[in-house]
1. In the chain, what % of DSSP beta bridges are antiparallel (nearest 5)?
2. To the nearest 20 debye, what charge dipole does the range 52-193 have about its Cα centre, counting +1 at the Cβ of each Lys and Arg and -1 at the Cβ of each Asp and Glu?
3. For every other residue with a beta carbon closer than 14 angstrom to the beta carbon of residue 121, add +1 if it is Lys or Arg and -1 if Asp or Glu, then tell me the sum.
4. Ignoring ligands, DNA and RNA, what percent of the accessible area of the range 52-193 is carbon or sulfur (1.4 Å)?
5. About the Cα centre of the chain, how large is the charge dipole given +1 on each Lys and Arg Cβ and -1 on each Asp and Glu Cβ? Please answer in debye to the nearest 20.
6. Measure off, as a whole percent, the carbon and sulfur share of the 1.4 Å-probe accessible area of the range 332-371, all protein chains present.
7. Say R0 is 30 Å: what FRET efficiency, to the nearest 0.05, do residue 564 and residue 476 get from their beta-carbon distance?
8. Which stretch or stretches of the range 7-48 have amide N atoms under 19 Å from the point lying 7 Å from residue 531's Cα along the Cα→Cβ direction?
Amino acid sequence: LILNISATATHTIPSTLYGYMWEDINHSGDGGLYAELLQNRAFQAVIPGTQNALTAWQPFNGARLSVTSKTSGVSPSLPNSLQVQIPQVVSGPIGFENTGYWGIKVQSGWTYQGSFYAKSATFTGAVTVSLKSAQGTAFATKALTGITTSWKKFTFEFQPSVSADNDENVFNVVVDGKAAAGQNIFFGMFSLFPPTFRGRENGMRIDLAETLAATQPSIWRFPGGNNLEGTSFDTRWKWNATLGPLEDRPGRVGDWGYPNTDGLGLMEYLNWVEDLGAEPILGVWAGISTANYSDLTTWPVVPEAELQPYIDDVLNEIEFIVGDSQTTDGGKLRASLGRTEPYSLKFIEIGNEDTFQADSYAAYRWNAFVSAIGDRYPDFDFEFIATTLPSTALTPAYQRIDFHMYNSPDWFTSNAFMFDDYPRNGTKWFIGEYAVTSTNDTNALGDIPSGRLAYPTLQGAAAEAAFMTGMERNSDVVFASAYAPSFQHIKNYQWTPDIVTYDASRLVKSTSYYVQQMFSLNRGTHVLSTTPVSSNDTTPLFWVASYNNETDVVFLKVSNTGTQDLVANIFLVFPSSDLDLQHPLAHLH
Ligand SMILES: O=S(=O)(O)O[C@H]1C[C@H](O)[C@@H](O)[C@@H]1CO
């Protein structure tokens, strides 16, 4: 195959082309990127008195544990407390343990920051906290005194003397059995953090954060995805419930079946996106919640006459993000939480996958949000992204549309040219979620026996790469793309495949991770056309050429989706004129 790369650029490549879609799914947030080590740390979004309310907590030496809301919680947002009943006859240490998110990493040299609340009507003795192996080896221990009859916050630090051999470790809390015999002690709002990415308080787990940062994503779509929507209006992701001291964050039952602490909240996300040097794509709630996928007619939709409070909520969220810290309530609140400077925000996505309720989206919801935001913020040239079917006519007409595709390798290779003939009419596409999810293109979201991938495969990654060459070649139409979902905690997940899989102490980057990294790190500023544009079927290669006019480098990205080894002799054929070192092809990488 002789491939000619033209020396003239066709169009610029938007800086937003590669990034991620993010939501708390598969414990990607709580138990993943968010560095909190204790699962169910504040008994949020659980039902007192149930076994489930004690998730990740277990008795130690016979204490009787229960979650209760009969006593006042540590704060109005956290009504549930752990009640620890010490038996009448007992001696020696007795209490309870947290098993973390299926383990706790114990690393010597790390300083762990911990805290908890406690109170008791009668007990005033010491509370001893420690990091211990499942076999009982203590890596770090602290004794805290001063329990009173009302809630008191205790803080402590751990510096483990040695690292644990594995992550089967627990956070252990005990009192002296004799001193506490027959008494009740209440605990609330635990927290235990390892060092975090860039040392941010309430921040991100370093290894996972560095793994994402290493792909230099330039967009970060959040907070969902389904997890934005809630399974009811009241359980939607509420931006203002994810702000401020952790005691003020009630948490919620996420859309993926587990409690979200919302410790990873709007400000943590915005700080993270800045740390990445990326552009946020903020998803705002647009009036539907996800009920059951088998019957879309059951999905609740806010009637037009009742939409205003939700519109105001979004206007206030945007004011919190971009409002002046002197003259706007949102800006003042942001400043009071430690951030005076407004965050940058350009892209606002109205809803998520509103393809399922296109009628009401087209009839009033899209227009209501876009008009209200435009009227309130006339000086911000926000770019609104529609999330309904591209074929749905909207008022105002959408300029940008979010298109999701989960499918087979064949779908991605046979659609690698879908944008080559797309009309250049100013409309821009965001491929806001895509991945090869199955070898079965009639049921790409089925179960594993029907072809679903448990993990990304080389075949899938090559097919994603083929599709990505098409997105890059047509990046005058495709302005952004986001592989989805991102993370998977191997011990508890709801969706496969995912780009990075991990447990409490290790992570594995997938083939698709390396494809994302390769495309994202090797970015041109302009697309160079090639002849031919495509190969014939016998050599199923897909490619795109680009040129970076800052580094003066030409990139040729090639995906071989065939089963034959690809032996490529790349000859550089320069134009007839002498080798012009300023020529874009002079330094091919
Ligand atoms: O069940 S799906 O609708 O396919 O869920 C998908 C689409 C949705 O936006 C996202 O939350 C999820 C996985 O990334």
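The values are calculated or read from the model by the stated rules, or taken from the named source; none is laboratory data. If you're wondering where the values come from, they're calculated on a predicted model, not measured in any experiment. Glycine also receives a Cβ, built like all others from the backbone with ideal geometry; neighbour counts cover every protein chain displayed. These area figures cover heavy atoms from the full protein model, side chains too; ligands, DNA and RNA do not enter into them. Shrake-Rupley method; radii C 1.70, N 1.55, O 1.52, S 1.80 Å.
1. 65
2. Its charge dipole is roughly 460 debye.
3. Within the 14 Å Cβ shell, the charges total +3.
4. 49
5. 2120
6. Percent of accessible area from carbon and sulfur atoms in the range 332-371: 51.
7. 0.35
8. Residues 7-11 fall inside that zone.
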